[in-house]
Amino acid sequence: MGLLRRAGRVAGLVLWLILLIPVLALVPAAFVDQGPGSAVRPTVFPFALALLDPFVRLASLNSLVGAFIVTLGSLVLGVGLARVMTGWRFWGRGLLAALTLAPAVIAPLFTALGLRMFFGDRLVVDGPAGPGLAWICWIWAEMTSGVGLVALATASALGRVEPSWIEAARQTGASRFRIWWELIWPPVRPYALRAAGVVFTLSLVEPGAPLMLGLRRTLAFQIVEAAFGLDPMPRAAVLAMEAVGIAMAGRWLLNWWGGRPSALPPGPAVARAEDTRWPRAAAFLVLLTSGVAMAWLPVWTLIVSAFSPSSGTGHLSVSAFLHRLNQAESRQLIFNSIALGLAVVAIDLVAARSLSVWAGRRRSVARLAEWPDAFPPLTIGVGALAFGWLLHLAVDELRIGERPEFLIAGFTTLRDSLDPYQTPGPLLLLAVAAASQSPLMLIAQQVGRWSRGQLTDVAITLGATERQAHRAGLAGWFGVPPGVFLLTLVLAATSLSPALILTPSQENRPVTPGILLLADQTGEARSLAAALATCVIAVNLTAFGLAAKVRSEPLGDWFHGRP
């Protein structure tokens with residue numbers, strides 16, 4: 001059993017290293033090209049051309065400024081929301097906080113689609129309101145999910161601040177502001193800033209909202225446009241590398257500002273909320289209600305469109321909604337998403353189980369395991385596309401050099417199997433698995449390992465055998481809580497960025513890219529997109545709620561981990 005366990009760990013580590021291929025492929029794809037006679041040659045011309053292009057610089061600047069605004073707003077509002085959630089008790093706090101946190105799992109694409117339906121022609125870039133409204137809606141869509149993510153991570157850290165520290169500071173006469181700034185905020189800041197770094201990375205080149213709102217002067221729009229071009233490489237790889245560089249720099253600055261995480265007490269929350277008087281409670285209710293209205297207005301617009309009759313007149317109809325979901329196109333999109341999610345979870349489960357062991361023994365492996373956070377999912381999809389293009393160049397180079405036939409045949413088979421226009425399955429699976437190999441499942445196993453020893457010791461003390469104690473200590477599916485398993489499955493099945501550029505054909509397209517394409521059509525297609533989006537939102541919220549309900553550790557730990 002020991003030999004098999006070690007072999008499984010090594011196999012999982014090798015599988016995880018294979019997931020690095022999309023990222024590693026970006027570098028050579030940006031600096032090689034085909035010259036006369038299909039000869040492969042190194043070049044810096046595409047890279048220099050992209051850097052000197054004023055339109056690319058403008059798009060990069062717009063994306064950087066937008067991501068900065070989204071990150072700053074998410075940090076301020078998310079920390080404030082977490083403080084209200086953990087610091088005070090008042091009527092309606094739980095429900096309003098849950099409604100404010102829930103949009104963390106709603107893709108900005110769906111929020112942008114709802115805003116597009118709500119504002120109508122006024123949201124068109126060339127419409128009556130001009131481009132300003134479209135840019136505001138982009139910030140709106142990105143911040144809706146960013147606030148919830150920061151609030152989750154911050155609330156998890158705030159809940160572990162020892163109440164005795166605060167009580168001792170009050171007895172010495174310290175003001176509320178001083179207690180917050182000097183006692184509470186320093187240990188919480190690293191976790192809040194790391195969550196803000198995730199928001200910055202995701203919002204920098206998240207393609208759903210810019211494509212839905214027609215914002216061509218964004219880096220995400222330019223990357224997608226280059227990837228769908230007749231000759232995508234090396235321009236798409238160069239733009240993706242630029243996005244990765246900006247994302248890494250932003251995350252490094254945020255992590256530097258946050259500092260090293262301090263050792264907060266492990267286990268469930270220990271902080272106690274205080275009763276609040278009615279003036280403050282009324283202010284909190286007004287602020288939370290306003291936030292809920294801003295977050296759920298686009299979703300309500302989608303629901304109304306999804307349940308509206310095809311004639312456009314009459315009351316909302318459940319039969320109209322079910323009829324749209326029962327169409328052949330809808331069933332195909334849903335089936336593709338489920339198959340993709342199951343395959344990605346299987347890959348992530350094996351890789352995360354191996355890494356959770358290696359990361360506990362080698363700190364370098366633990367740091368290397370955090371690599372997906374620094375790469376926006378869209379750039380990972382471009383890397384997977386670049387890998388297939390590099391295989392095409394390798395086949396041409398082998399044929400020109402008259403290499404052995406078996407070598408040419410092997411590379412040709414690999415190239416054809418990863419061609420998105422012939423067999424997009426393996427390439428799409430690789431990209432989505434790499435993008436979804438986020439801290440969620442890995443940290444869930446690490447969190448479980450922190451408490452597994454105590455559970456095992458307690459089981460042995462109560463008379464259990466060693467095997468029974470080990471099974472009791474796992475407390476989940478292969479060491480992963482069921483909530484994490486389900487949430488990872490749903491998020492992988494409904495992801496947009498890698499799948500968008502790797503599924504050119506409708507037969508293999510998952511549901512979220514299909515919604516994006518349906519929304520650009522006229523007539524009943526847009527209502528069909530709203531129905532599918534409503535279904536995806538409902539599934540995501542259900543998985544999120546189950547994960548929050550059955551968790552054995554604070555949900556925020558799944559997004560930022562512990563030192």
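Rule-based calculations on the coordinates, nothing more; no lab input. It should be emphasised that the depicted structure is a prediction, and the values quoted were computed from it without experimental measurement. All Cβ positions, glycine included, derive from the backbone under ideal geometry; neighbour counts span all protein chains shown.
Some observations on this one:
- Amide hydrogen neighbours beyond the local backbone of TRP88, cut-off 5 Å, H modeled: GLU274
- Using the average count of surrounding beta-carbon atoms within 10 Å as a protection proxy, the listed peptides 82-95, 204-217, 385-398 rank, highest first, as 204-217, 385-398, 82-95.
- Sequence ranges 500-507, 517-524, ranked by mean other-Cβ count within 10 angstrom, highest first: 500-507, 517-524
- Under 5 Å from the amide H of ASP33 lie the amide H atoms of ARG41, THR43, each residue being 5 or more positions distant or on a separate chain, with H modelled from the backbone and absent for Pro and chain starts.
- Dipole check for the stretch 46-276: with +1 at the C-beta of Lys and Arg, -1 at the C-beta of Asp and Glu, and the Cα centre as origin, the magnitude is about 580 Debye.
- The stretch 233-256 and the stretch 183-203: distance between their alpha carbon centers, rounded to Å: 19
- Contact order for the stretch 46-276, expressed relative to its length and based on alpha carbon pairs under 8 Å spaced 6+ residues apart, stands at 33 percent.
- Remark: spin-label model distance TYR421-ALA328 equals 2.5 nm, labels positioned 7 Å along the Cα→Cβ axis.
- Extended-chain gain in nm, criterion 0.36 nm per residue less alpha-carbon gap, GLN171 and ARG399: 74.0 nm
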